[in-house]
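We did not get these values from a lab; they are worked out from the coordinates using the rules stated. All of these numbers come straight from a predicted model, not from anything done at the bench. Backbone-built Cβ (ideal geometry, glycine too); neighbour counts: all protein chains shown.
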Amino acid sequence: MGRTLLDLLRFNRQFASGAALLLIVAAYACLSFFSPYAPNDTYVAPPDVPPDWTYLMGTTSRGQDLFWLLSFAIRNTLAFGLAVAVLSRLLALAIGLVAGYSGGLLDRALMSLNDTFIVIPLFPILVLFYFVMRDRMSWGLLALMMACLGWAYDARLIRSVAMSLRHREFTETGIFSGMSMRQILVEEHLPYVLPIVFSTTMNNINWSIGLEVTLSVLGFTDINTPTIGVLLYWANQHTALVSGIWWWIFFPVLLVVMTFIGLFLLAVSMNEYIDPRSRLGRRAP
Amino acid sequence: MKTYPTYILTRLGQFVLVVFIGINIAFIVTHSTPIDPVEQSIAAATQYGSTSPEAIALMRQSLKELYGLQGGLADQYFAFWRRILLGDFGPSLSAFPTPVSVLVGRALPWTAGLLLSSTLLTWVLGNLLGGLAGYYRQSRALRFAGILAMAFHPIPYYVVAFVLLIVFGYLWPILPLSGGYGMNMTRALSWGFIGSVALHSILPVLSLALVGLGGWFMGMRSLVSNIVTEDYVAYAELGGVKRSRILASYVMRNALVPQVTGLAMSLGAIFNGAIITEQVFGYPGVGTLLVSAVYAGDYSLVLGITTVSIVAVSLAVLLIDLCYPLIDPRVRAR
């Protein structure tokens, strides 16, 4: 795996630029640990100062130094995306591997459930969830809810690989040598689906951050934990655009777009690695 | 190979299952809250302005019924279903006493129109360009179009809509930003009104299309570049079939099959995007209604919109599935 990543970094421009973008974003998120202010402190700086050398990204109408505030926000946003991705990966792996391996009725039942989750529009359900939770809505609860809703697409992909593995010789050998189903799935099949899991993780983080930003901008989350969406929510509350505080909107949007494009480039280049046919197509005239 | 009737039956079964599970999720979500939803809703709905005690009593009654808080859990469950099957979500709290079904019915055509026009445009254009880009790999213009489409693809609908709003609202104000038609227009079937509707839909459709194009483009390009290497394409080329004909009926036709399945699978996500975009541009559809319902604390409206969206999206997916045999003759064949 390490060698592959190094090769990708050296020979694949998409992977390299995606990794570079994410590295910048991650390094910036780490700066939050050195912030002189607590994330929810307000009026620690003069309000509405445009970007200059003291306040690199300007200050907000609530008297926050945007540079440090944004580092907290991107850290929370990234952590949120990772949490959703890890949780939903567990679900997707379990369901995809079991469905692909067992086949038959269980597979049909699981895939019907799977298709249902793909079809259902999730945004209204998340809004309904916020509506009944209100003040109890928290960052973790939302992550848990989104993980429960966001596994389906990838479970289908994992299942299709698991199905082909089912009829490979080493699976038969495993069965005859008395391995349990859990052992076969975890020790034999898991390594084969890991590249796919990696690429779908990137897409899933993109998906969950996108939804989180949307929900937060509308105020449908815990608006006291700074994330990129919450930052934009407060900017809208203070009508930052109308009063010309463009930096309050510009920097969060720029940062989150960098994150999206970085993750997307990683996912695309990983797909290319998984499916070598497209690599060949690239060189063809 | 499955026959057409069995195909339709399985799809119908899947449709019923989707609606069933979707409504169950809605039920679980509404019953997962630790707060007393009835009192909270009333507090939120009556927060501003005074409401008469009779109206509050009526609200409490209808809310209790609506939240299904009367009787045991089984009773609650069946009462929930009864309301949904009858399409009766009671009166809206924020627009008391207009029934929720009327409000949703008024907003649904706008969302359906927005969704239909933007999805058709995006899907057709994305597949066409993607197909061309996969077939004519040397073309610089197509390669550039691909990079552009891919750059927008990973950005969520909200951010793209928001940026368009800034660009066309503050930097270059040439298009109407908000609403479904001009304020001074009367709703009539006249050219002026239709023109106004079209003008107001440009920005929402544009933001949906910018995000959506990349996915179809990339999918089609990789499908086509795989099909191009097939023997039958090489044979057709050697046989002197015109290139345009090869592209249209040998290559694209085959590549379209998975793209239709893809459309059915991503419709839910596109719907999410549409209602978010509506909210940004104040488009009078379901999305704007949903968000304002949450702000107004209007539970019956939120629940109504959620369930109607689940049913409507599954219905649209069913329709796409039923059209599927038209492009894939294998399903039709015995």
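Between A:123, A:250, A:176, the Gaussian network model of chain A with springs among Cα atoms under 10 angstrom shows the greatest mean-square fluctuation at A:176.
Would you work out the Kirkwood radius for region A:2-283? I mean one over the mean of 1/r across all pairs of different Cα atoms, in Å.
Taking the inverse mean of 1/r over all distinct Cα pairs, region A:2-283 comes out at 20.9 Å.
Would you look at the GNM of chain A, springs on alpha carbons closer than 10 Å, and say which of A:265, A:23, A:93 moves the most? Largest GNM mean-square fluctuation: A:23.
Build a GNM of chain B with springs between Cα atoms under 10 Å: which of B:219, B:239, B:131 gets the top mean-square fluctuation? Checking each option, the largest mean-square fluctuation is seen for B:239. Here the convex hull built on the C-alpha positions of region B:107-298 has a volume of 147 cubic angstrom per residue.
Can you compute the modelled spin-label distance between residue B:125 and residue B:241, with each label point 7 Å from Cα toward Cβ, in nm? Here the modelled spin labels are 3.0 nm apart.
Work out, in µm²/s and without decimals, the Stokes-Einstein translational diffusion coefficient of the protein assembly as shown at 37 °C, 0.692 mPa s, Rh from Kirkwood over C-alpha pairs.
Working: Rh = 26.4 Å.
The calculation lands on 124 µm²/s.
In plain terms, chain B is cut at each of the chymotrypsin sites (Phe, Trp or Tyr not before Pro) found in a DSSP loop with at most 14 other Cβ atoms within 10 Å, and the longest leftover piece is B:137-334.
Using the rule -39500 (n - 2.57) for each DSSP H run of four or more residues, divided by the residues of chain B, the 222 nm mean residue ellipticity is -24500 deg cm²/dmol.
Computed from the C-beta positions of residue B:327 and residue A:194 and an R0 of 30 Å, the FRET efficiency is 0.30 to the nearest 0.05. Here the spin labels are modelled as points 7 Å beyond Cα on the Cα-Cβ line, and at residue B:139 and residue B:232 they lie 2.4 nm apart.
Using alpha-carbon pairs under 8 Å, 6+ residues apart, how would you state the relative contact order of region A:2-283 in percent? Before the final figure, lay out the partial values.
Working: 349 pairs, mean separation 76.5, N = 282.
Averaging sequence separation for qualifying contacts and normalising by length gives 27 percent for region A:2-283.
Please compute, over every Cα-Cα pair in chain B, the percentage with a separation greater than 28 angstrom. For chain B, the fraction of Cα-Cα distances above 28 Å is 55 percent. Taking every alpha-carbon pair in region A:1-149 and binning the separations at 10 Å intervals from zero gives 9, 21, 26, 26, 12, 4, 1 percent. Working note: Debye formula, equal point scatterers on the alpha-carbon atoms of region A:225-271, no solvent; log10 I(q)/I(0) at q = 0.22, 0.27 Å⁻¹ is -0.73, -0.91. What value, in deg cm²/dmol to 500, does the helix sum -39500 (n - 2.57) over DSSP H runs of n ≥ 4 give at 222 nm once divided by the residues of chain A? Calculated at 222 nm, the ellipticity per residue is -24000 deg cm²/dmol.
Around the amide H of residue A:59, modelled in the peptide plane, lie the amide H atoms of A:48, A:49, A:66, all under 5 Å away and 5 or more residues distant in sequence or on another chain.
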